[in-house]
Amino acid sequence: MSRPYRFAMIGTGFFAQNHLHAWAQMPEVELVATCDIDLNKATAAADQFGGRAYTDARELFENEELDFVDIATTPPTHRMMVELAAEFGVAAICQKPLAWEMDDARAMVDAMAAAQLPFMVHENFRFQSPMRKIKSIIDEGVIGTPFFGRMSFRTAHDVYSAQSWLVESERMIIVDVAVHLFDLARFFIGEPETIFTSALRVNPRIKGEDVATVLMHMPHATCIVDASYETKSDHNTYPQTFVTIEGTKGTITLGPDYHLQVVSGDTVIDEDLVIPDHGWTSVPWNAIQDSVVNVQRQWIASLDSGVVNECSGVETLGLLDITLGAYESLASGQVYKVGSSL
Ligand code: NAD
Ligand code: 89V
């Protein structure tokens, strides 16, 4: 495999547009094909970004020489796409959530491992530039040892207008957004031992839960993950994540509009973080769009080295254990022992 890496974009719907724009600015890759069961979408993406349009993924693999595929279809098809990639000896990066069932996720990881192919999950919240900054502040010891965290994503933005499939999803905000917040909690504080979930459906139009709070117990810390698609407020902050990390020496707070405050002993530093601009990125999606660029750069580095250092498929099994475990806790009313499904 050598640069430029030849790839196909599978699933060219709502979020894939960000992937396509980000890839278009990377000379290390070449888009040779697009694939979507909706021919109009596959063709529109190919017309704008290049390559041949397909509606059938198997046909795509049979006809194109690919180094990797970028999978941004909806979750129920992720397993099928990754297994096809493994069958045809093609590396893969796949959108979150990796799967809605642990068996599917494990099958995907096993298939790619058996074929000795790089496999990464497009888990992008930790790649937002404010999150990278928070991580480096923690790692530098500025706030001491974290003992409390809160990762919060609350909005009343009508997510269903752009992502209508969420209306029918029986599992909703936990697999859609809390998954990102669990990943941030692990990234900043470490692995939980147990979790406990409280969740509700507020919007009667939808099938799944749209409000969820999860309490995570780490060995020396507690973290609250909370997400809501029904939080009416006077200032729309969608799709921003708010973060609080309290440590033995200070506190980091990422608030609305990327305002970062770092308290360390007697020192207080306030900063309005500037999100890198890529020309095609725009408010309010800019931090997430920038994170897509960062994920994709990380993936190119993984292809260069042959090692997936962050968000590998196998590492994501742990994240999925927590995410699906949150539903087990909800169903049982008991704490979920993290790792039980691994
Ligand atoms: P979408 O419905 O807009 O796009 C998915 C596309 O996949 C559709 O165009 C659909 O026709 C296509 N598709 C479905 N089955 C297919 C198949 N068998 N073969 C080829 N194409 C097929 O959905 P979306 O909202 O863009 O979500 C896609 C993925 O991206 C999901 O996994 C979602 O969780 C994820 N997502 C991630 C972020 C983020 O990274 N922050 C944000 C939004 C969505
Ligand atoms: O990540 C997602 O899947 C999106 C959002 C940005 C709202 O979290 O639904």
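We did not get these values from a lab; they are worked out from the coordinates using the rules stated. Note that the structure is a prediction, hence the values are computed from the model and not measured. Don't worry about glycine lacking a Cβ; one is built from the backbone with ideal geometry, like all the others, and counts go over all protein chains shown.
Scanning region 234-245 for residues that are away from ligand 2 (no atom under 16 Å from the Cβ) and over 16 Å from Glu140 (Cβ atoms), which turns out surrounded by the most Cβ atoms within 10 Å (Cβ to Cβ)?
Of everything passing the filter in region 234-245, Thr244 is surrounded by the most Cβ atoms within 10 Å (Cβ to Cβ).
Inspect region 274-293 for any residue being in a loop (DSSP other than H, G, I, E, B) and in contact with a strand residue (DSSP E or B) (Cβ under 7 Å, 6 or more places away or on another chain) and give the result as yes or no.
no
What do you reckon, is Ala24 within 12 Å of ligand 1 (Cβ to nearest atom) and small (Gly, Ala, Ser)?
no
Any chance you could count how many residues in region 67-99 are within 16 Å of ligand 2 (Cβ to nearest atom) and part of a strand (DSSP E or B)?
Going through region 67-99 one residue at a time, the tally reaches 5.
If you check Ser152 against the conditions, is it within 15 Å of ligand 1 (Cβ to nearest atom), among the polar types (S, T, N, Q), within 19 Å of the chain's Cα centre (by Cα) and surrounded by 17 or more Cβ atoms within 10 Å (Cβ to Cβ)?
No; evaluated as a whole, the condition is false for this residue.
Restricting to region 175-193, name every residue that is within 18 Å of Lys337 (Cα to Cα), more than 16 Å from ligand 2 (Cβ to nearest atom) and buried (at least 17 other Cβ atoms within 10 Å of the Cβ).
Within region 175-193, Arg186, Ile189, Pro192 qualify.
Quick check on region 35-53. Is at least one of its residues buried (at least 20 other Cβ atoms within 10 Å of the Cβ), outside any loop (DSSP other than H, G, I, E, B) and touching a residue at least 40 places away in the same chain (Cβ under 8 Å)?
No, the conditions are met nowhere in region 35-53.
From Thr253, Thr244, which residue is part of a strand (DSSP E or B), touching a Lys or Arg at 6+ places or on another chain (Cβ under 6 Å) and either hydroxyl-bearing (Ser, Thr, Tyr) or more than 17 Å from Ile189 (Cβ to Cβ) (or both)?
Thr244
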